[in-house]
Amino acid sequence: MSLELLRNLNPGIADLQPYEPGRSIDEVMLAYGHKEVVKLASNENPLGASPKALALLDRLPDSFHLYPDGNGTKLKKAIAHHEQLKPENIILGNGSNEILELVARAFLNPQSSAIASSHAFVVYKIVTQSSGARLIEVPTKDWGHDLKEFPTNIGDETKVIFIANPNNPTGTYNSHQEVLQLLERTPSSVLVVLDCAYFEYVDKSDYVDPFALLNQFDNLIVTKSFSKIQGLASVRIGYGIASQALIEVLNRIRQPFNVNSLAQELACEAIKDKEHIQNSVDLNSLEGAFLFNELEQLELECIPSVGNFISFKGSFNGQEMFTKLMEKGVIVRPIDSYDMPDFLRVTIGRHDENIRFLAELKGLL
C-alpha cells in the first residue's frame, strides 16, 4: 500500500493494535488436535442462550429476504418494559460496542480528548484514537476506577468520559455515590458513558442505579449488552439508554439496519426470560466464589471481581501459561494489551469446566 495514503490516517490510528478476541474452540482444536476444549476466555454465559429465545429458531418466519425493522420497534418496546422507560430513550446497536463507536463519531475529533481509566475496556481507546482524539488514562486505585481523580483531568478539549462499571478485565466496580459525585463535578458539556455490560451479575447493595442518574443528568448514556447474561454474543446485540435528545442525535449517524432480524427476535425473548437470567446469576455467584477461593489457595494474586470473570497472576509468564493451558485443551485470556503483563483472565464457567481448568492449571504450576 502507498505510504502516501497511510499518511492520511486519523492521528492515533497508527498507534493502535487490532482488538484481539479470545481464541475460538475450533481454532484451538485444529492447532492442538483436541477433541474437546473448555473455553473460559471471553466472558460468555456458560449456560448458553435463553431456552425461550432458542425455541424461536424452530419457528422463524420465511422473511430472510426482507430487511430487518430499521427502528427495532418490537425490541425497543421489550427493552422499555424491562427497564421501565420509553422507547424514545433507547438506541439499538450491533453489540453495545457500536454504541461506544457512535458516541465517538458524534463527539470526538482531532481537537478533542476523552477520559478513561487505566486497565479499562480496550475499545474506549480504539474508538477514541480512531476518531483522531486523545485518550487520557487515569491511574487506577486498587485496580479500580479512581473516579475522584477523573475531574482533575477534564480540560476545555474534553468531550467524553468512559466508565466501565463493572470494568473488564479487572472486575472492579464503582458505587452509586462515586458515579454521582463524578457527574456532579463534570461539566454538562461533557458526555459520560456508563458501560454496564456486566450489570446483572453485580450483587452489591451500593452498586450504581443508572436510572436515578439518568433522571438527573442529561449528559449521561448507559450502555448494556445481550452478549453476557443473555448469552447472545454471536448475534451481536446491545443498546444504549439516554435522553430522547441524545438518542435522536446518535440515530442520525447510526447505520440503517444495523441490527439484524434474528438478533432482534432472539433478544425480545431473552430479555423476558427471567428464569434463565436468575439461573445465570446464581451459577456465577456460586462458581465465582468457588473459583476465587481455589485460585487463592494456589497462592495466586486475584483481583476481587463482581463480573463473570477473574483476573489473576502468579510466578509464571502469562503468555507461556496461556499457551500451555491451550495445549491442555483449556482456553483463558492473557491481558497484556491492558497493560497487565502476566495476568490471565478466566471466565467463571460451569462447575465441570472450572474443575477442568483448575486441574490443568495446578498441573502446570
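The numbers here are math on the coordinates, done by the rules we state, and not lab data. Because the structure is predicted, anything quoted here is derived from the model rather than measured. Reconstructed Cβ throughout: ideal geometry from the backbone, glycine too, with neighbour counts over all protein chains shown.
Mind running the shape call on region 293-365? Use the C-alpha gyration tensor, a ≥ b ≥ c as the square roots of the eigenvalues: rounded below 1.5 for a/c, prolate if a/b tops b/c, oblate otherwise. Taking the square roots of the gyration eigenvalues as a ≥ b ≥ c, region 293-365 is rounded. Computed as a quarter of the hull surface, the mean projected area of the alpha carbon convex hull for region 94-186 stands at 5.7 nm². With no solvent and one equal point scatterer placed on each C-alpha of region 56-270, evaluate the Debye formula and give log10 I(q)/I(0) for q = 0.14 Å⁻¹, two decimals. Debye intensities relative to I(0), on a log10 scale: -0.82. Other residues whose C-beta falls under 12 angstrom from the C-beta of F343 contribute a net charge of -1, scoring Lys and Arg +1 and Asp and Glu -1.
By the gyration tensor of its Cα atoms, with a ≥ b ≥ c the square roots of the eigenvalues, what is the shape of region 177-265: rounded for a/c under 1.5, prolate for a/b over b/c, or oblate?
oblate
Look at E4, E360 and count the other Cβ atoms within 10 Å of each Cβ; fewest to most, that gives E4, E360. Between D146 and K141, the built amide H atoms are under 5 Å apart, and every one of these is 5 or more places off in sequence or on another chain. Under 1.5 on a/c is rounded, so check that first for the chain, then, if it is not, pick prolate when a/b is larger than b/c and oblate when it is not; a ≥ b ≥ c are the square roots of the alpha carbon gyration tensor eigenvalues. Rounded.
For region 226-346, compute the orientation-averaged projected area of the C-alpha convex hull (one quarter of its surface), in nm².
On the way: hull surface 42.3 nm².
The number I arrive at for region 226-346 is 10.6 nm².
What the phi angles of region 244-254 give under the Karplus curve with 6.51, -1.76 and 1.60, with θ = phi - 60°, is a coupling list of 4, 5, 5, 4, 4, 5, 5, 5, 5, 10, 5 Hz, glycine and proline written as x. The local environment of S112, defined by Cβ-Cβ distances under 11 Å, has a net charge of 0 under the rule Lys, Arg +1 and Asp, Glu -1. Here's how it looks for V138: its modeled amide H is under 5 Å from those of A116, S117, S118, which are all 5 or more places away or on a different chain.
Rounded to the nearest Hz, the phi-derived 3J(HN,Hα) couplings of region 224-240 under the Karplus curve 6.51 cos²θ - 1.76 cosθ + 1.60 (θ = phi - 60°) are 9, 10, 8, 6, 9, 5, 7, x, 10, 4, 6, 9, 6, 8, x, 7, x, where x marks glycine and proline. Here's how it looks for I161: its modeled amide H is under 5 Å from those of I115, L191, V192, V193, which are all 5 or more places away or on a different chain. Setting aside same-chain residues fewer than 8 positions from K362, which aspartates and glutamates have a Cα under 13 Å from its Cα? Within the straight-line cut-off, K362 pairs with E294, E296, E299. Result for the chain in a Gaussian network model with C-alpha springs under 10 Å: among E353, E36, E101, the largest mean-square fluctuation is at E36. Loop-located trypsin sites (Lys or Arg not before Pro) in region 1-87 (DSSP state other than H, G, I, E, B) with a sparse environment of at most 12 neighbouring Cβ atoms within 10 Å: R7, K35. Helical runs assigned H by DSSP (4 residues or longer) give the chain a calculated mean residue ellipticity at 222 nm of -10500 deg cm²/dmol, each run adding -39500 (n - 2.57) before division by the residue total. How much net charge surrounds I247 when only the other residues with a Cβ under 11 Å from the Cβ of I247 are counted, with Lys and Arg +1 and Asp and Glu -1? So the environment of I247 carries a net charge of +2.
For the chain, what does the relative contact order come out to in percent, with C-alpha contacts under 8 Å and a separation of six or more? Working shown, then result.
Numbers: 672 pairs, mean separation 87.4, N = 365.
Relative contact order here is 24 percent.
Working note: Karplus 6.51/-1.76/1.60 with θ = phi - 60° gives region 275-290 the couplings 5, 5, 4, 5, 4, 5, 5, 4, 4, 5, 5, 5, 6, x, 5, 4 Hz, where Gly and Pro are set to x.
Averaging Cα coordinates gives a centre for region 296-365 and one for region 23-46; these two points are 14 Å apart.
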